[in-house]
1. D404 fails exactly one of the following numbered conditions: (1) touching a helix residue (DSSP H, G or I) at 6+ places or on another chain (Cβ under 8 Å); (2) closer than 25 Å to G454 by Cα. What is the number of that condition?
2. Scan the stretch 773-798 for residues that are among the charged types (D, E, K, R), at pLDDT 85 or above and open to solvent by 30 Å² or more (accessible area, probe 1.4 Å) and report the count.
3. What's the total number of residues in the stretch 140-152 that are at negative phi and buried (at least 18 other Cβ atoms within 10 Å of the Cβ)?
4. Quick one: which of E441, E424, E412 is within 16 Å of I492 (Cβ to Cβ) and either open to solvent by 20 Å² or more (accessible area, probe 1.4 Å) or more than 37 Å from the chain's Cα centre (by Cα) (or both)?
5. Looking at the stretch 636-673, which of its residues are open to solvent by 60 Å² or more (accessible area, probe 1.4 Å), closer than 21 Å to I559 by Cα and at pLDDT below 80?
6. Could you grab me the full set of residues in the stretch 186-198 that are assigned to a helix (DSSP H, G or I) and either surrounded by 13 or more Cβ atoms within 10 Å (Cβ to Cβ) or within 23 Å of the chain's Cα centre (by Cα) (or both)?
7. If you scan the stretch 563-583, which residues turn out to be open to solvent by 10 Å² or more (accessible area, probe 1.4 Å) and assigned to a strand (DSSP E or B)?
8. Where the second residue is part of a helix (DSSP H, G or I) and open to solvent by 100 Å² or more (accessible area, probe 1.4 Å) and the first is among the basic types (K, R) and lies in the stretch 373-395, which pairs have Cβ atoms under 7 Å and are six or more apart or on separate chains?
Amino acid sequence: MSKSVFRRFEYRVLFIALFLVLSRGEACARDEGYRVLLLNSYHSNFAWTAEVADGIRQTLLSSGSEVDFMTEYMDTKRGYSVNALKAFSDYMERKYSGKSFDLLLCSDDDALVFLRRMGKRLFPGVPVIFCGVNNTSLYEPEEFPHITGLFENVDIAGTAELALRLFPRTGTLALVSDLSSTGMTVISQARSELAYLGNRVRILDLFAYSEEDLQDALSALPPETAVLMLVYFQDEKGSFISPSRSVALVKDACAFPLFGLWSMMPEAGALGGSVLRARRHGEKAAEIALRVLAGAPPSAVFAETDTEYVPMFDFGELLRFRLSRRELGQNAVVLDEPEPISSRSWKIIIVNALVVFASVGYVALLLVNERRRKRAAKEITFRKAMWEGLYRNAPDAYVVFGDDNIILDVNEKFCELFGYEHEETIGRNIDSLLAKGTDVEEEAAEISRRGMNGEAVYYEGVRKNKNGDSIHVGIQGVLFPVSEGGALGYGIYSDISEQRRNEEEMNRHLLSEAAISSISARLLTENGLLGIPPSLEEMASFTGSKEGFLIEFSTTGEIVRELLFSEGRAAWSASPHISEVFPESDLRAITQYLWEKGRLLLDDRLPAPLCEVERLWELKRLFGAPLLILPIYSERTVSGWLGLQLPERPLLSSHESFLGMFCDLVGGVLLQQKRRSMTSERARILDGTSRGIVEILGRTLAMKDPYTVGHQFEVARLARAMAERGGYDEAFLERVYYAGLVHDLGKIVIPSSILSKPGRLNTVEFEIIKNHALHGWEILSSTEFPWPLAEIVVQHHERLDGSGYPYGLRGAEIRTEARFIAVADVVEAMTSHRPYRPGLGIERALEEIRTHSGTWFDPLVVELCLAVIEEGFVFDEKSYKVALP
């Protein structure tokens, strides 16, 4: 080759290299950098967390975009409390206040819960991608449209089948788990997925054991056993146990094969399992994150469940159990497997081949560049079509507007949401179209002004459709410059009407609970009839009623007392009103109808049985229509009526239930008032009234927590049976029984979110629950009963050794009745199903009281309980489906 030819060739090579460098520089210049924060629930040394984080990091960094990646750890496995959470929240606010992010990622449930609670304040409007989450209820796209991600779902059935295939003589499958929130979720899944194995193997539960007890239980397992570790990362006190430690506990205690559900288990020395790989799980979450960073709204990226299972094994364990690789299956991954000698030779061959390919590749570079150009043009066309399709078919309403706030284009969902044709929107001012002539016109103009100043806007409010109807919407938008000059903006309108209705329903529910508690306390604590007028005013205010009345009958059916309600005020009437309207025959006919039907609604026409009682229209004239009349019961008879004029909207069924409860409470008060006025048989009457109030208290609590009412009823039955077995007198039996019926009455003050929480309570929530004994004392001590209910109820969580609460009483300081209820409470609670765990069975419950006999519980009471159960006493599950009898 001549020098001139070589020089021309050299120039061409340099030109191509310079072209590639400049092209790469332009591409890099076009890429925008992203700021991403990863929030991990656990600590950095936890194997699952470390590998998930690494998978996320590597995928984002290898995407071709510049990523400013930050990582934080909540460390909830090694220490989780309200103080720790507050300190972490303060730390995050100090560190990241004023800093913006393009995306938030979080691993596992605790981090997602934190971002749901604090994200709007710390990182407003930032999309959130989660992974490693077990609790599917945390994904609420309607309430949190900026949150989506990847759930983890372990392969319990697949791992069990793998164990039985490798060890076909297996007779027992031992399941090991703690009772953490993840543990309870996986236990529930195991119950469902392994039910079909009941005829093939015996399934043995080893749940919530301490390390020492677990090793004792494992060492006592029968031959031909396989161990499946579900979740065992906490001991019985909640202290953290690492995967390597949990694997070592099992292997030190027994020689049986150990299987796991996550890749960190065979990595820690377990034999293997059909596992989720932490690194791959993180990569998949990062892939979802890249879609959101590319512009896809989180609400359009639905949460997925990771079911990419891989059979994974530890090589050392395979040798220990003499399992060959062909028994594992074609796709099995073996950790720490020695590399075959032939593969080392391949490395040399590959290196030589790379040298040859590098020489050939230089020659093919021009062809490759041409192909890339064509591919880039094709990709641009594809992406344009893809984004156009996403825009047109998006689930939210999209609008594109210019820097003068004039609409340039809208998608089909916009037309559907606001009722306009596409042509009717083009060229219109967006605020004039959706807000002109409404109360929010000025507010809409202010939001547009902020957007025109370049501020990213997120707002929830009201806009009108073409028909003038109001629609609750979430609005987000931004204005950005374009290369030709000027600016374009986009807005996204999400219909949040259903969310608003749910919020209003939640508010009504909270108000109803407050009203029930307030009215119950007033009627039970104020003097007789004085508490009825303000209670009626509060109930009428809650239901929206403006007019009404309440009347009381004598035992002969005559009206003896009238309470009139008008314009928000109720007062006992000194002169007759309703009694002048109806003769006694009409009163009896209406009362009989109420006894049979339970309600009477006066609207446009009378019901057939009352067609001849035309004087009913006089009530409609006096109090308005529609008029709802409900019976007030006392001693199984109708002792009065409650009449309320209903608002224009239909009365909610829940409101009518509250009115029925109010009638029951008033009936109890009227009955108590009648009995107070009688001079004969005072003791018997007081006793009957007290029983009625106790039952009413139970029914009041049933509206908030039906489970607790069933629990109280069963505790009362068991405690009375124990006392009968011990030969106690009838007075003692009554004290134990009625105290048992209301021993958890104080829970009416506890928030429903804590009473019905499906997982384990944290420290603060448990301290709140412990206050229910004092709340019960406060309610019961305000009313005079023939039994010392308040003292018994406040002591039912005390223990003989002083370890109980609320006062830490010891020995003889604790009433005998409270000792009976303490034992019955523990036995029934452990036997029944709880929101945060399945029932443990009667044997576990009896073993609990035997273990603590003499320390926590009275030995005599424990013996009486064991005798009653042995003689055939059983709990009635129907008690949880109905209120008190």
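1. D404 satisfies every listed condition except (1).
2. Step one: list which residues in the stretch 773-798 are among the charged types (D, E, K, R), which gives 778, 784, 791, 798.
Applying the additional criterion that residues be at pLDDT 85 or above yields 778, 791, 798.
Those left that are additionally open to solvent by 30 Å² or more (accessible area, probe 1.4 Å): 778, 791.
The qualifying residues number 2.
3. Step one: filter the stretch 140-152 for residues at negative phi, giving 140-148, 150-152.
Subsequent filtering for residues that are buried (at least 18 other Cβ atoms within 10 Å of the Cβ) retains 144-148, 150-152.
Total meeting the criteria: 8.
4. One residue alone meets the criteria, E412.
5. Result: R636, single match.
6. Taking the stretch 186-198 and keeping what is assigned to a helix (DSSP H, G or I), we get 186-193, 195-198.
Residues satisfying the conditions are V186, I187, S188, Q189, A190, R191, S192, E193, L197.
7. L564, S566, R569, A570, A571, W572 - these are the residues of the stretch 563-583 that are open to solvent by 10 Å² or more (accessible area, probe 1.4 Å) and assigned to a strand (DSSP E or B).
8. R392/E412
The values are calculated or read from the model by the stated rules, or taken from the named source; none is laboratory data. Just so we're clear, the structure is a prediction, and the values are computed from it rather than from any experiment. Note: ideal-geometry Cβ built from the backbone for every residue, glycine included; neighbour counts use all protein chains shown. To get the accessible areas, we keep the full protein, side chains included, count just its heavy atoms, and leave off ligands, DNA and RNA. Shrake-Rupley method; radii C 1.70, N 1.55, O 1.52, S 1.80 Å.
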